[in-house]
Amino acid sequence: MAPLLRVSDLRAHYVGFGGTRVVKAVDGVSFSVEAGETFGLVGESGCGKTTTCHAIVRLLSPSGRIVSGRIELEGEDLVKKSQAEMRRIRGRRIATILQDPMASLDPLFSIYDQVAEPAYYHRSLRGRSLRQRVMELLAAVRIPSPERRMKDFPHQLSGGMRQRIVGAIAQAGGPRLIIADEPTTNLDVTIQLQYLNLLKDLQRATGVALIFVTHNLGIVAKMCDRVGVMYAGKIVEMQSVRGLFYRARHPYTKALLDSIPKLGVRQPLYGIPGQPPDLSALPAGCAFHPRCQRATDRCRVEEPRQHSPNGDGHVRCWLPIEEAAARG
Ligand code: SF4
C-alpha cells in the first residue's frame with residue numbers, strides 16, 4: 001500500500017540578490033510517512049527542516065521555490081496543485097502546528113472563531129453542531145471550562161494554553177497528517193511534557209500521522225517511530241528511533257548524540273566543532289567534512305551517495321560508523 005505521504009528528491013531553494021545567490025535549503029530530500037506514524041526530522045538550526053515542511057504545504061516565502069521533486073499525499077502530487085487547490089488541502093488533509101502560538105493565532109479573533117473556522121470550511125459544520133465541535137476540540141486539548149474559554153482572546157491565555165488551542169485548530173478540519181514544527185520550543189519544560197503527552201493522546205484517538213520537527217533528541221526518543229537526520233539540506237541518515245540511538249551510523253548523528261549531557265558524568269560538555277555550512281556556498285564533497293573527525297581525501301571531493309546497510313534505513317557517508325568499526 002502507498003504511504004500517506006511520499007516526498008521524493010525534493011529540492012527547494014531561495015533565490016536572492018537578483019538571482020546571484022541561491023540558498024539550497026532543501027537539496028534532494030526523500031522520505032515517506034505512513035498513516036498513524038510519527039516521523040521525526042532532526043538537525044541543527046538552518047539545516048532545512050522547516051523549509052521541507054513549508055514546501056510540503058506549499059507555503060514557502062516569496063523568494064523560495066520548489067525546484068524539483070514530488071510531494072505525494074495519498075498518491076496526489078502537491079507540487080502540481082494550484083494555490084486554490086492547496087487551500088482546500090491545508091487544514092482538511094494536512095495541518096500545521098508552528099513554534100510560536102502567537103504567530104499562529106490572530107489576536108483580533110476569539111478562540112471560538114479561530115477553532116471553528118477549519119470545521120466551518122472543511123467539514124461544513126454550522127450552528128449548534130459547530131459550537132458542539134469547538135467545545136469537543138477544546139476539551140480534547142484539555143482547556144478547562146471550554147464553554148467559557150472559547151469567548152476569550154489569545155492574550156487572555158497562558159503560553160501553554162495558546163499552544164493547545166493551536167493543536168485544537170490543527171485537529172478541527174480532521175486532517176490525516178499534522179506537521180508539528182518545533183511546537184514545544186516556547187514552552188517551559190513541565191508544560192512541554194504535558195503538551196507532548198497531549199499530542200500522543202490525540203494521535204491515539206484520531207490515528208493522525210505526525211511529522212515532528214525538532215532539534216531535541218530527547219523529544220525524538222519520546223515521540224517518533226522513525227527519524228531522518230538533516231544536515232545542509234539533505235537527510236544524511238534515516239532509521240527507526242531505536243536504531244538511531246543504539247547504532248547511529250553517520251558521524252553527524254553520532255556527534256549529535258554525544259552532545260547530549262549525561263546525568264552523573266562529570267566531564268566537559270561535548271560540542272560539534274565548527275559551524276553549519278553556508279547553504280549558498282557548500283563545501284565540495286561531503287558537506288559535513290570540515291567538521292568530521294573521520295573525513296578522508298575522498299570525503300573532500302566526492303559527495304557521498306545514499307545507501308542502505310542491512311536494508312534498514314539509509315545513510316549518506318563514505319565511512320559509516322558500523323563499517324568503520326568492523327574494519328578497525
Ligand atoms: Fe565524515 Fe566522510 Fe562520512 Fe562525510 S562522508 S560524514 S566527511 S566520513
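The values are calculated or read from the model by the stated rules, or taken from the named source; none is laboratory data. Source: prediction; values computed, not measured. Every residue, glycine as well, gets a Cβ built from its backbone with ideal geometry; the counts of neighbours run over all protein chains shown. Ligands, DNA and RNA are stripped out before the accessible areas are found, and what is left, the full protein with its side chains, is counted by its heavy atoms. Shrake-Rupley method; radii C 1.70, N 1.55, O 1.52, S 1.80 Å.
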Between residues in segment 52-63 that are in contact (Cβ under 8 Å) with a residue 24 or more places away in the chain and residues that are open to solvent by less than 40 Å² (accessible area, probe 1.4 Å) and not aliphatic (A, V, I, L, M), which pairs lie under 6 Å by C-beta distance while being six or more apart or on different chains?
C53/D181; S63/G16
Residues in segment 275-292: is at least one surrounded by 14 or more Cβ atoms within 10 Å (Cβ to Cβ), touching a Pro at 6+ places or on another chain (Cβ under 9 Å) and among the charged types (D, E, K, R)?
yes
Checking D181 against (1) charged (D, E, K, R); (2) open to solvent by 20 Å² or more (accessible area, probe 1.4 Å); (3) away from the ligand (no atom under 16 Å from the Cβ), which test does it fail?
(2)
Per-region count, segment 4-35, residues outside any strand (DSSP E or B) and at pLDDT below 95:
4
Restricting attention to segment 1-45, which residues are more than 18 Å from D278 (Cα to Cα), touching a helix residue (DSSP H, G or I) at 6+ places or on another chain (Cβ under 9 Å) and open to solvent by 30 Å² or more (accessible area, probe 1.4 Å)?
G36
Can you work out which of the residues in segment 249-271 that are within 12 Å of the ligand (Cβ to nearest atom) and out of contact with any strand residue (DSSP E or B) (no Cβ under 7 Å at 6 or more places or on another chain) is farthest from E322 (Cα to Cα)?
A255
Any residue at all in segment 229-238 that's more than 14 Å from the ligand (Cβ to nearest atom), under 20 Å from the mean Cα position of the chain (by Cα) and either surrounded by fewer than 19 Cβ atoms within 10 Å (Cβ to Cβ) or not hydroxyl-bearing (S, T, Y) (or both)?
yes
Show the residue pairs that are 6+ apart or on different chains and have beta-carbon atoms under 6 Å apart, the first residue being within segment 66-80 and at positive phi, the second being part of a strand (DSSP E or B).
G69/S8; G69/D9; G69/L10; G69/R11
Kindly provide the set of residues from segment 274-288 that are within 25 Å of the chain's Cα centre (by Cα) and either away from the ligand (no atom under 14 Å from the Cβ) or not aromatic (F, W, Y) (or both), ordered by number.
G274, Q275, P276, P277, D278, L279, S280, A281, L282, C286, A287
Residue hits (segment 293-318; more than 8 Å from the ligand (Cβ to nearest atom), of a type outside the set (G, A, S) and open to solvent by less than 60 Å² (accessible area, probe 1.4 Å)) are P309, D312, H314, V315
